[in-house]
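The values are calculated or read from the model by the stated rules, or taken from the named source; none is laboratory data. What you see is a predicted model; the values in this text were computed from it and never measured. FYI the Cβ positions are ideal-geometry reconstructions off the backbone, even for glycines, and counts take in every protein chain you see. These accessible areas exclude ligands, DNA and RNA; they are computed on the full protein's heavy atoms, side chains included. Shrake-Rupley method; radii C 1.70, N 1.55, O 1.52, S 1.80 Å.
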Amino acid sequence: VTESAGERKADGQTWTLYEAQYRDQPADMALTERDGLALILLLISEPGERDALYEAVFLPAVDALEPLAQPAADVGHAFLKALKNENYARAFELCDPDLQEEFGSAAGLAEWLADNDIAPVEWSFPERNMLPNMVQILGFLTLEGDLQAYVELLMVDVDGEWLVAGFRVQ
């Protein structure tokens, strides 16, 4: 294990930087955690090119790195936050038209949640999967009464906006 070579702050994240060797080549690594996900950036370069690549490629990549499914996950967070705050109108707005039709109204969503004892308190999404035309977000949910559950959100892009197409709590 190598010691930290420093930190870099970018886009609200603090990255821990490392310098190492991999098969006699310089290796630079940056690590951070976001929303329960470990983000790792690795650059292995030729010794004579390391400094130029570090400045031109590695550091700009650290500054710009964002998980591919982050915009969908952000909407997932907003959906669960609306449920937590009992803002069922907002949660209903974040559902795609098919799911809205299934619930019928914000009141229908609220009734379904109450019938199934789903009252989110906190959550994390450590796994996101890019599927054809959809993002699957998997995570852990703490419900009222300190009950632990697994949550799956299916997110779809509707005219450039991520919406909840389905969710499951178990």
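Some notes on this structure:
- Accessible-area order (highest first, 1.4 angstrom probe) of the listed residues Y150, Y54: Y150, Y54
- Sequence-separation-based contact order of the range 82-154, relative, with Cα cut under 8 Å and 6+ spacing, percent: 21 percent
- In terms of accessible area, using a 1.4 Å probe and ignoring ligands and nucleic acids, E122, E101 rank largest first as E101, E122.
- Sulfur and carbon atoms: percent of accessible area, the chain [1.4 Å]: 50 percent
- Fraction in percent of alpha-carbon pairs per bin - 5 Å, the chain: 1, 8, 15, 16, 14, 11, 9, 8, 7, 5, 3, 2, 0
- The relative contact order of the range 51-112, computed from alpha carbon pairs under 8 Å that lie at least 6 residues apart in sequence, is 22 percent.
- For the range 23-170, the solvent-accessible area of protein heavy atoms averages 55 Å² per residue (probe radius 1.4 Å; ligands and nucleic acids excluded).
- In degrees, nearest ten, helix 70-84 long axis to first principal axis of the chain (Cα): 40 degrees
- Here the contact order of the chain, divided by its residue count and restricted to Cα pairs under 8 Å and six or more residues apart, works out to 15 percent.
- Dividing the summed -39500 (n - 2.57) terms of all DSSP H runs of n ≥ 4 by the residue count of the chain sets its mean residue ellipticity at 222 nm at -7500 deg cm²/dmol.
- Relative to the Cα centre, the charge distribution of the range 69-170, modelled as +1 at Lys and Arg Cβ and -1 at Asp and Glu Cβ, gives a dipole magnitude of about 280 debye.
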